[in-house]
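Some notes on the structure that comes next.
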Amino acid sequence: MNDTDSRPSHFIRDIILEDNASGKHGGRVHTRFPPEPNGYLHVGHAKSITLNFGLAEEFGGKCNLRFDDTNPTKEETEYVESIIEDVRWLGGDFGGRVFYASDYFQQLYDWAVVLINKGVAYVCDLSSDQVRETRGTLTEPGKNSPYRDRSVEENLDLFARMKAGEFPDGSRTLRAKVDMASPNLNMRDPVMYRILHAEHHRTGDQWCIYPMYDWAHGQCDSIEGITHSICTLEFEDHRPLYDWYLDQLGVFHPQQIEFDRLNLTYTLMSKRKLLQLVQQGIVDGWDDPRIPTLSGMRRRGYSPEGLRNFARNLGVSKTNGITEFEKLEYYVREDLNRTALRVMTVLRPLKLVLTNYPEGQTEMLEAVNNPEDANAGTRQVPFSRELWIEQDDFREEPPKGYHRLYPGNEVRLRYGYIIKCQNALKDPATGRITEIHCTYDPDTRSGQQTRKVKSTIHWVAAATAIPLEVRLYDKLFTVENPNDVPEGQDFTTHINPNSLETVPAKAEPSLANAQPGSRFQFERLGYFCADKSSTAGRLLFNRTVELRDTWAKLQKKS
RNA sequence: UGGGAGGUCGUCUAACGGUAAGACUGCGGACUCUGGAUCCGCCUAUCGGGGUUCGAAUCCCUGCCUCCCAGCCA
């Protein structure tokens with residue numbers, strides 16, 4: 001595998017190493033990736049996937065893909081399907097085994113009965129408002145529910161009738177009897193079951209009571225024999241409850257370990273806010289290339305390898321930080337550089353005529369498909385008298401350090417000849433440059449040992465050029481932290497109005513049969529991916545990421 | 001102001017009582033038929049104050065700052 005990992009180790013791996021050394025689980029390592037199917041996976045999940053599946057692979061264990069589908073009001077089959085596709089695409093090896101918390105609803109119910117019988121769970125008739133009122137505050141203890149001391153028999157009866165659908169939504173809950181005075185609010189008699197007469201995407205109307213996350217998660221981990229249950233920092237407060245349930249039940253007890261979730265500059269990672277962007281039509285669906293969903297990144301042209309390398313090199317800790325977007329781009333470029341086929345495309349065309357090149361003549365020039373990969377071979381590119389070049393590659397009055405085309409200057413046409421700029425034609429009305437006239441030097445054809453020039457530019461022969469529609473994506477937000485918002489406003493105030501520009505471009509003929517999803521480097525411009533909707537009749541490309549551009553950087557400084 | 005968790009280059013992460021290291025970014029340079037890639041070099045950090053120790057990022061005390069928690073969400 002091409003994955004690179006320069007990181008030494010991290011605290012979770014250390015824990016596993018210690019457990020293996022002490023024989024805690026007999027050397028067994030079993031992790032899980034437990035998404036809730038209430039939205040699409042994003043790059044933050046990529047970190048978790050890489051971690052969980054990576055650890056399992058490293059230690060010869062398994063990692064379960066398990067849907068945490070305990071809330072039928074928010075979850076949908078569409079999300080289940082997209083998540084499976086994304087995990088598979090990223091390379092998570094779940095061996096075709098897909099688990100669902102909903103598969104354990106009966107076991108969870110039976111265990112709840114066990115806790116009732118133990119006297120540590122009770123049916124509470126308080127409304128949600130009343131529960132909130134009696135929960136206390138951060139600094140004050142809560143008050144016991146008046147229903148806290150119901151008899152086991154009454155609890156059993158009521159709980160069975162909750163399940164049977166005798167009571168309306170919200171009228172009762174099953175709560176664990178822990179400690180209403182605990183400084184940890186999660187321990188103040190947490191709700192285990194709520195009544196929800198809602199259609200579940202898998203169990204239909206079989207159930208009208210649904211387990212809460214805390215009651216479900218650890219028990220599911222236990223059932224599956226998970227050894228290390230890795231989750232994000234905000235669940236640290238839940239660990240005592242996680243442990244409490246397992247201890248009350250006396251079942252196999254996995255270890256919950258928390259790590260820092262991924263944050264990226266210029267990016268929103270909250271599913272809720274991504275949903276908002278999608279629903280308000282600010283972006284074009286869950287796979288819009290401007291949002292950090294895995295499907296969006298895939299559509300944009302990010303490779304699974306690049307994403308994995310990024311995730312693996314992030315490091316794992318408990319520090320709440322924000323990773324620079326540039327780091328992601330580095331790993332994406334690194335992978336694309338060694339895998340993407342090169343091709344010549346002109347995004348902002350300017351006509352160039354070689355005045356001393358025979359009219360009507362076309363010759364084929366040999367071009368390298370990927371200088372980083374000798375096995376990628378070569379291709380033939382047609383060359384003729386009239387070409388398209390990039391507007392940026394000509395200046396009537398060159399700035400200092402500009403090595404491209406300007407009157408009197410020579411450049412090389414990539415894989416072609418050295419040409420010399422004679423003059424530029426302008427539209428007399430607007431002063432806009434319409435055409436460049438150059439002469440070529442027939443003795444400088446590519447492959448021959450000739451004189452050197454400072455610059456090489458790309459081009460496309462006009463007669464054989466094929467049209468392309470290219471989407472140039474920029475950051476969706478104008479600030480590093482879109483969540484940092486002035487009073488009374490929301491993150492949408494930071495939306496970049498110019499995050500998408502579509503240009504009609506010209507490409508060499510070889511691009512005509514580009515398959516949707518295939519990734520290319522447009523030489524000197526960046527990496528581009530044929531959109532999923534691209535066809536031979538209408539070629540549509542998305543810009544994945546620009547090439548590093550030291551010239552642009554120099555320009556910006558002056 | 002209760003509880004939990006954190007503070008090391010600009011960013012992310014190492015160093016587990018013994019020379020503060022790497023990656024990204026930035027800045028220089030070499031090379032180049034992609035101003036790409038590659039190569040070389042440079043910059044900048046232990047939250048503050050005490051203590052223990054021959055020696056502290058690491059141990060102790062103390063102060064400060066940040067994040068998370070009052071869903072019948074996960």
Residue tally, condition within 12 Å of RNA strand B (Cβ to nearest atom) and open to solvent by 30 Å² or more (accessible area, probe 1.4 Å), over segment A:144-178: 6
Checking residue A:305 against (1) within 8 Å of RNA strand B (Cβ to nearest atom); (2) touching a helix residue (DSSP H, G or I) at 6+ places or on another chain (Cβ under 9 Å); (3) open to solvent by 20 Å² or more (accessible area, probe 1.4 Å), the condition it does not meet: (1)
Total residues in segment A:322-348, condition over 15 Å from the mean Cα position of the chain (by Cα) and open to solvent by less than 40 Å² (accessible area, probe 1.4 Å): 9
Test: residue in segment A:360-372 that is touching a His at 6+ places or on another chain (Cβ under 9 Å), open to solvent by 20 Å² or more (accessible area, probe 1.4 Å), farther than 13 Å from residue A:461 by Cα and assigned by TED's automatic domain parsing to the domain that holds residue A:407: no
Residue within segment A:523-542 that is open to solvent by 20 Å² or more (accessible area, probe 1.4 Å), near RNA strand B (Cβ under 8 Å from one of its atoms), not assigned by TED's automatic domain parsing to the domain that holds residue A:370 and not polar (S, T, N, Q) present: yes
Pick from segment A:207-230, criterion under 21 Å from residue A:12 (Cβ atoms) and of a type in the set (Gly, Ala, Ser), ranking: surrounded by the most Cβ atoms within 10 Å (Cβ to Cβ): A:218
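Every residue, every condition in (1) at pLDDT 95 or above; (2) over 22 Å from residue A:234 (Cα atoms); (3) not β-branched (Val, Ile, Thr), yes or no:
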site: A:137; (1), (2), (3): yes, no, no
site: A:143; (1), (2), (3): yes, yes, yes
site: A:158; (1), (2), (3): yes, yes, yes
site: A:170; (1), (2), (3): yes, yes, yes
site: A:174; (1), (2), (3): yes, yes, yes
site: A:178; (1), (2), (3): yes, no, no
site: A:183; (1), (2), (3): yes, no, yes
site: A:187; (1), (2), (3): yes, no, yes
Selection status of residue A:519, open to solvent by 40 Å² or more (accessible area, probe 1.4 Å), in contact with a Cys (Cβ under 6 Å, 6 or more places away or on another chain) and within 23 Å of residue A:298 (Cα to Cα): yes
Positions within segment A:377-405 being open to solvent by 60 Å² or more (accessible area, probe 1.4 Å) and within 12 Å of RNA strand B (Cβ to nearest atom), in sequence order: A:392, A:395, A:400, A:403
Top-ranked residue in segment A:231-256 [being part of a strand (DSSP E or B) and within 11 Å of RNA strand B (Cβ to nearest atom); ranked as surrounded by the fewest Cβ atoms within 10 Å (Cβ to Cβ)]: A:232
Positions within segment A:59-82 being more than 14 Å from RNA strand B (Cβ to nearest atom), in contact (Cβ under 8 Å) with a residue 24 or more places away in the chain and out of contact with any Phe, Trp or Tyr (no Cβ under 8 Å at 6 or more places or on another chain), in sequence order: A:59, A:60, A:61, A:62, A:77
Residue tally, condition away from RNA strand B (no atom under 16 Å from the Cβ) and open to solvent by less than 30 Å² (accessible area, probe 1.4 Å), over segment A:471-493: 4
Elements of type strands (runs of 3 or more DSSP E) in segment A:294-410, at least 2 residues being more than 22 Å from residue A:467 (Cβ to Cβ): A:362-368
Matching entry among A:125, A:93, A:110 (being open to solvent by 60 Å² or more (accessible area, probe 1.4 Å), closer than 30 Å to residue A:188 by Cα and among the acidic types (Asp, Glu)): A:110
Exclusive hit being farther than 29 Å from residue A:514 by Cβ, surrounded by fewer than 11 Cβ atoms within 10 Å (Cβ to Cβ) and of a type in the set (Val, Ile, Thr), set A:434, A:355, A:430: A:430
Residues of segment A:93-130 satisfying the condition of being away from RNA strand B (no atom under 14 Å from the Cβ), assigned to a loop (DSSP other than H, G, I, E, B) and of a type outside the set (A, V, I, L, M, F, W, C): A:93, A:95, A:96, A:97, A:118, A:119
Neighbours by Cβ (under 8 Å, 6+ apart or cross-chain): first from segment A:413-425, of a type in the set (Val, Ile, Thr); second near RNA strand B (Cβ under 8 Å from one of its atoms): A:418/A:412; A:418/A:444; A:418/A:450; A:418/A:453; A:419/A:412; A:419/A:413
Close pairs from segment A:315-326: first touching a residue at least 24 places away in the same chain (Cβ under 8 Å), partner assigned to a loop (DSSP other than H, G, I, E, B) and open to solvent by 90 Å² or more (accessible area, probe 1.4 Å), Cβ under 7 Å, at least 6 apart: A:315/A:7
Residue A:56, sole failed condition from (1) crowded, with 20+ Cβ neighbours inside 10 Å; (2) touching a residue at least 60 places away in the same chain (Cβ under 8 Å): (2)
Residues of segment A:56-87 classified as charged (D, E, K, R), farther than 17 Å from residue A:224 by Cβ and touching a strand residue (DSSP E or B) at 6+ places or on another chain (Cβ under 9 Å), total: 3
Residue, farthest from residue A:475 (Cα to Cα), within segment A:309-358, restricted to residues that are more than 9 Å from RNA strand B (Cβ to nearest atom) and among the aromatic types (Phe, Trp, Tyr): A:357
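The values are calculated or read from the model by the stated rules, or taken from the named source; none is laboratory data. No experiment lies behind these values; they were computed from the predicted model shown. With ideal geometry, Cβ positions are generated from the backbone for all residues, glycine too; neighbour counts draw on all protein chains shown. For the accessible areas, the whole protein counts, side chains as well, though only heavy atoms, and no ligand, DNA or RNA atoms are used. Shrake-Rupley method; radii C 1.70, N 1.55, O 1.52, S 1.80 Å.
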